[in-house]
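Enquirer: This is the structure I have questions about; it appears just below.
Here, each number is a calculation from the coordinates, and none is a lab measurement. It should be emphasised that the depicted structure is a prediction, and the values quoted were computed from it without experimental measurement. When we count neighbours, we look across all protein chains shown, and the Cβ atoms used for this are built from the backbone with ideal geometry, even at glycine.
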């Protein structure tokens, strides 16, 4: 295993939160708040106002398609009563955040927290700016602030009708003390929050002008291609650089770490071409003896063992199951999956060692700016204060770019080529075979039904790999060896079937040598598949309609039920469908939001699945941008159904067998139906949007497949199953 | 030396003839709008037009491109106002945006050949991978660009 310092995402989330509380939200020393008239001025720390009224909202989280950049700007702009047409957005840098004592909070972007994790302080930041602008106007007019109102980037003195634009006020406002007692608006007063405004980051994505990290070009830049030991845990023994150093463009052949070799060349394609000719000797180690069948066998030992960590329980499920009139059991399985961000993994670094001391510059597509900076500093042995990170929009993240392995590799390569910027690009094959995979799990689902078809007990036993065990063993130990993340969607407040009198949800940990990580939707995806397809099995066994059956079990979970009902109503559940078309339904709660879906499908005699229609409902509490919520819900079905229908990684001799999109298949446009999104925000809380809906995609479709064929799919992906009529 | 006609301009490139056009565009000509995604013509992120036909540039040896009319996303329209780009903007298709150069080039070629494509035509022509999941909006935007349907999303 490649040495991983204690610099993972969980660690940083915790340490940054602590740092922010300890230091308070102090103004950064480098604030342009001292701007003279006629220049851009930072009013508070979240908004910079130009004399021409342009407002640049500073963004700490990363934009990877999920719309957070625009949503965060909406939050700030609304609270500062800005005119949206003047609003732009730009990243603050990790080094500015570090130097300020993390004034801009946590930069980590994951767990669907981009909006909901920032909403309190960015809204306050907008309100602070508004108060300062009003104060500046009142001072200029020598009137009480209470006689001034702000709207659409203009402050008006109500009794005289005098006005001043924000652009005219900003320089003076920036010099005022930052108020600490501002209040944010009641949702009824929002004018920009809740509006389907266009994204702020679209233009360059339509013309090829958007610079992703993989597009970074610097004077004198070299390019690196890498090979990592094919077997996880294996080590580099030797490589024969002499054979390739005369190949076109090749400059260096480097050991990056104890399992990684890089070829550095003028052009990346030259580096990749030379790397293919490089003879590398690996010591693959004991893990080379492990393949998928052994892993499956190992996981099966966890299905019935008494040793399991409990995630949620009430009543006595084991006793109720033992004395059940009717017991139903089923075993479900899900495979390893890679993120396969369409922008391959990459990072550019320049290490400089001169009289000014050692320093490091990084250009990275990262979900965690702070974490990337610290990881790069550690890898290159440079003080964190001497590292500068430029964040670029991500060509997909999905959790993969919360990891810093590639940042550390780039730093280690750059350190060996001082003064020269080097861009590291992983081939697609390296990406797919050296990921942090969605963990492999199985579940044994058991339920007791009484004579009337009522569910008297439910036991959900997960067996499989723990992300926390891989990423943060200390945190796992602190929780008594139980990974509570494993029960995502099934914890207290998430689990939607509390009316079942006896429930036991537990996990037998079965860790493998395969690195695992957060994969968009994380464990809600597997868990919702297990639970929602099994609930469907129970409905069928009880002879009940799957919707009515769920309604009874959800009697104690009104918010879950409201969303399920909203979805069923939009889908016209119960209304006759065309011949050969069948429905499936499911629900889930995760990342703070409630979701439900109905799928309509048909299956041909030859076994070909066609999805005709998807209806999806979500209650994320508050909605910042309904069009972007719709976009995330639509995309969730592509991501979720890629996993449910097509994608899997298998292990052969310790390594990942599928290395590109020809063998690791994902959904394409032709298979994708229209998605009708029902947004039912009930207010009073802020739930996530980017991930929660993914979990309901697969069970909705597979429950419809059962309705169509009578075949219960319990092993993903569906492509391995035969739906042909026999 | 290979002479290539890219976006109406002639470029002399000193590279081996078997270098894929994708890497010529990105590393020799500096046009980075055309993206690397898989290198085996599976994902379509590298789609360009060769004489108006959408092709995957990661599998086109640069040496075979002499005399061909190569158009990249940067050359699709001078100011980003090709009907496909306009429809993409209005319907807010892009999420992360990485695949969109290829999607737009594939859509533009489809509409050039089939001005009013059916859903089946779109299914057949648009096999590019999008991991964010913008397929429903891509379909809507192609219809919108073809004048078959009015944009409905992304108001204000």
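Enquirer: Does chain A come out rounded, prolate or oblate by the C-alpha gyration tensor, with a ≥ b ≥ c the root eigenvalues, rounded set by a/c under 1.5 and, if not, prolate when a/b is larger than b/c and oblate if not?
Expert: oblate
Enquirer: Using a Förster distance of 41 angstrom, determine the FRET efficiency expected from the C-beta separation of residue A:474 and residue A:294, and round it to 0.05.
Expert: 0.90
Enquirer: Next up: Sort A:281, A:522 so the one with the fewest other Cβ atoms within 10 Å of its own Cβ comes first.
Expert: Least to most surrounded, the residues fall as A:281, A:522.
Enquirer: Taking each residue in A:636-648, count the Cβ atoms of any other chain within 10 Å of its Cβ, then average. What number comes out?
Expert: Rounded to a whole number, the mean comes out at 2.
Enquirer: How would A:284, A:634, B:74 line up from fewest to most surrounding beta-carbon atoms within 10 angstrom?
Expert: A:284, B:74, A:634
Enquirer: Can you give the FRET efficiency to the nearest 0.05 for residue A:218 and residue A:140, using r as the Cβ-Cβ distance and R₀ = 51 Å?
Expert: Efficiency, from the Cβ-Cβ distance: 0.65.
Enquirer: Now for a separate question. Just tell me how shielded B:7-17 is by partners: mean number of partner chain Cβ atoms within 10 Å of each residue's Cβ, no decimals.
Expert: 1
Enquirer: Angle, helix B:135-145 long axis vs. longest principal axis of chain B, Cα atoms, 0 to 90°, nearest 10?
Expert: 90
Enquirer: How far apart, in nm, are two points set 7 Å out from the Cα along the Cα-to-Cβ line at residue A:385 and at residue A:304?
Expert: Simple spin-label model gives 6.3 nm for this pair.
Enquirer: Which order, highest average first, do A:502-514, A:406-418 follow once you tally other Cβ atoms within 10 Å for each residue and take the mean per peptide?
Expert: A:406-418, A:502-514
Enquirer: Need one number: nm distance between label points at residue A:330 and residue B:69, each 7 Å from Cα along Cα→Cβ, rounded to one decimal.
Expert: Label at residue A:330, label at residue B:69, 5.7 nm between them.
Enquirer: Please figure out what share of the DSSP beta bridges in chain A is antiparallel and state it in percent, rounded to the nearest 5.
Expert: Percentage antiparallel, nearest 5: 75.
Enquirer: Let me ask something else. Over chain A, what is the relative contact order in whole percent, taking alpha-carbon pairs under 8 Å and six or more residues apart?
Expert: 14
Enquirer: Take the Cβ-Cβ distance between residue A:313 and residue A:569 as r, set R0 to 51 Å, and report the resulting FRET efficiency rounded to the nearest 0.05.
Expert: My answer for the efficiency is 0.95.
Enquirer: Shifting gears a bit: Determine the shielding of peptide B:28-39 by partner chains: average, over its residues, the number of Cβ atoms on other chains within 10 angstrom of each Cβ.
Expert: 6
Enquirer: Using helices alone, what [θ] at 222 nm do you get for the protein assembly as shown, with -39,500 (n - 2.57) per DSSP H run of 4 or more residues, divided over all residues and rounded to the nearest 500?
Expert: So the helix-based figure for the protein assembly as shown works out to -8500 deg cm²/dmol.
Enquirer: Another question about this same structure. Which order do the peptides B:13-24, B:116-127, A:572-583 take when ranked by the mean count of other beta-carbon atoms within 10 Å per residue, highest first?
Expert: B:13-24, B:116-127, A:572-583
Enquirer: Working from Cα positions, state the angle (0 to 90°, nearest 10) between the long axis of helix B:100-113 and the longest principal axis of chain B.
Expert: 80
Enquirer: Quote the relative contact order of segment A:548-696 in percent (integer), defining contacts as alpha-carbon pairs under 8 Å separated by 6+ residues.
Expert: 30 percent.
Enquirer: Also, I was wondering about something else. Which of rounded, prolate, oblate describes segment A:648-726, given a ≥ b ≥ c as roots of the alpha-carbon gyration tensor eigenvalues and a/c under 1.5 marking rounded, otherwise prolate only if a/b is larger than b/c?
Expert: Here segment A:648-726 falls in the oblate category.
Enquirer: How much length is gained on full extension from residue A:280 to residue A:450, taking 0.36 nm per residue of separation minus their Cα-Cα distance?
Expert: 54.9 nm
Enquirer: Just want the ordering: A:132, A:554, from fewest to most Cβ atoms lying within 10 Å of their own Cβ.
Expert: A:554, A:132
Enquirer: Relative contact order, percent, of segment B:2-74 when contacts are C-alpha pairs under 8 Å separated by at least 6 residues?
Expert: Normalised by residue count, the contact order of segment B:2-74 is 40 percent.
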